[in-house]
1. Run the numbers on the range 2-84 and let me know its relative contact order in percent, using alpha-carbon pairs under 8 Å that are six or more apart.
2. What ³J(HN,Hα) values, in whole Hz, does the Karplus curve 6.51 cos²θ - 1.76 cosθ + 1.60 give for the range 66-72 when θ = phi - 60°, with x put for Gly and Pro?
3. Per residue of the range 30-40, what does 6.51 cos²θ - 1.76 cosθ + 1.60 with θ = phi - 60° give for ³J(HN,Hα)? Whole Hz please, x for Gly and Pro, Karplus curve as stated.
4. Once you compute Rg and the Kirkwood Rh from C-alpha atoms, what is the Rg to Rh ratio for the chain?
5. I need the phi-derived Karplus couplings for the range 45-60: 6.51 cos²θ - 1.76 cosθ + 1.60, θ = phi - 60°, integer Hz, Gly and Pro marked x.
6. Considering the options M2, T77, P20, tell which one lies farthest towards the positive end of the dipole of the range 2-84, charges being +1 on Lys and Arg and -1 on Asp and Glu at the Cβ, about the Cα centre.
7. Treat every Asp and Glu Cβ in the chain as -1 and every Lys and Arg Cβ as +1, leave all other atoms uncharged, and give the resulting dipole magnitude about the Cα centre to the nearest 20 debye.
Amino acid sequence: MMTSQLRDAGVILLAADAAPDPGRIYQLWSIRSGTPASVKALGEGEATTVQIVQGLPGASEVGVTVEPAPGSTTPTTPLDALVSLT
């Protein structure tokens, strides 16, 4: 993951070993002040993505969850991966 204050954006790279089980997908989340917002829900069978996220430098964390397809409005907890940006 990389961020740019100048561009007020960042890049998230997800490269999982395998896709989740059928009917499930990976979903990326940015977390600001403890509030998660969906960044991208991958499609069924997808295990990799590169996503440009506007406003990412303002986030404190980025997380990944496995959700029912086509994605969720709130993340299933606990998150499967969590990266602190501070």
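Please treat every number below as a calculation from the coordinates, not as lab data. Not measured: the values here are computed from a predicted model. No Cβ is skipped: glycine too gets one built from the backbone with ideal geometry, and neighbour counts run over all protein chains shown.
1. This gives 34 percent for the range 2-84.
2. My calculation for the range 66-72 gives 9, 10, x, 5, x, x, 10 Hz in order.
3. Those phi angles translate into 9, 10, 10, 6, x, 9, x, 10, 5, 9, 6 Hz.
4. My calculation puts Rg/Rh at 0.96.
5. Once θ is set to phi - 60°, the couplings for the range 45-60 become x, 8, 10, 9, 7, 10, 10, 7, 10, 5, x, 4, x, x, 7, 9 Hz.
6. My answer, from the dipole projection, is M2.
7. Dipole about the Cα centre, nearest 20: 300 debye.
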